[in-house]
């Protein structure tokens, strides 16, 4: 199960599936479905735990509903560049997070990227914390996502990706926090035009397998799945960077405006989120990331 079928990640996963088929001489065939085709995004991980769905590619906001410490990656501005994020995810922190997965029936195969997450508003840009106050905003699941916007006095609500367009067009929410590519894939730019590069989170994601399904495969096929996944990660990341640049250019032709933010002001405003969640996600994980990114 992937993002919506119009999202570039869907194509990436189709190539990943093709690679696994080749590596196993056709013995392992994985059919890729878009979001909503096998049920809601929120239910995908539990379906993987039971083996109803064999593989899922999802973002941290959904993953942390089962593995709360993954939320460390969503602390506002803990990862500030793609190079930092890749170093952290491909190093001991990323490995430590994946080590938790099998105990709850899931195997983490590789880390990737959904794109930095701007705030796109139906009415205005939000370059300063005061600007976003009072905004009803759609966020993905995850306690830190909700806490971040609650701290900014912007009431968050979780809406499935398939329902965002309608929610924006009907005024159920004023804004959405999704990557640039998702604005295009779901045609959200038709109903919301003001993009602000708040980019609180790198928005990591992962390809994951149902442990129950993976364990049914012979060891050599399990190895092929794992190796194909690791091989897909660099291309996934570079593709997202390229598609994001192309997406910004396209959105500008569609009348979208782009604002940068007063990052120092946002960091200061969101300090209480760090104070609350550092002990919850694990001070050791926070400090390991800070050390690796040179901000300890």
A careful count of residues in the stretch 202-235 that are in a loop (DSSP other than H, G, I, E, B) and surrounded by fewer than 23 Cβ atoms within 10 Å (Cβ to Cβ) gives 3
- Go through the residues of the stretch 189-201 one by one and say whether even a single one is in contact with a helix residue (DSSP H, G or I) (Cβ under 6 Å, 6 or more places away or on another chain), in a helix (DSSP H, G or I) and in the same structural domain as residue 270 (by TED's automatic domain parsing). yes
Per the filter on the stretch 65-79, residues part of a loop (DSSP other than H, G, I, E, B) and at pLDDT 95 or above are 75, 76, 77, 78, 79
Among 183, 188, the single one that is over 28 Å from residue 272 (Cβ atoms) and at pLDDT 95 or above is 188
Part of a strand (DSSP E or B), touching a residue at least 24 places away in the same chain (Cβ under 8 Å) and either within 19 Å of the chain's Cα centre (by Cα) or on the phi < 0 side of the Ramachandran plot (or both) - does that describe any residue in the stretch 176-186?
yes
> Just a yes or no: is a residue in the stretch 130-141 modelled with pLDDT under 95 and in a helix (DSSP H, G or I)?
Replying inline: no
Here the residues within the stretch 148-163 that are surrounded by fewer than 22 Cβ atoms within 10 Å (Cβ to Cβ) and outside any strand (DSSP E or B) are 150, 151, 153, 155, 159, 160, 162, 163
Within the stretch 196-215, residues being farther than 21 Å from residue 289 by Cα and touching a strand residue (DSSP E or B) at 6+ places or on another chain (Cβ under 6 Å) number 6
Requiring at least 1 residues that are in the same structural domain as residue 187 (by TED's automatic domain parsing) and touching a helix residue (DSSP H, G or I) at 6+ places or on another chain (Cβ under 7 Å), the helices (runs of 4 or more DSSP H) wholly within the stretch 255-296 are 263-269, 271-281
Going through the stretch 60-107 in order, the residues found to be closer than 25 Å to residue 149 by Cβ and in contact with a strand residue (DSSP E or B) (Cβ under 6 Å, 6 or more places away or on another chain) are 60, 73, 89
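The values are calculated or read from the model by the stated rules, or taken from the named source; none is laboratory data. Since the structure is predicted, the reported quantities are computational estimates derived from the model, not experimental observations. Every residue, glycine as well, gets a Cβ built from its backbone with ideal geometry; the counts of neighbours run over all protein chains shown.
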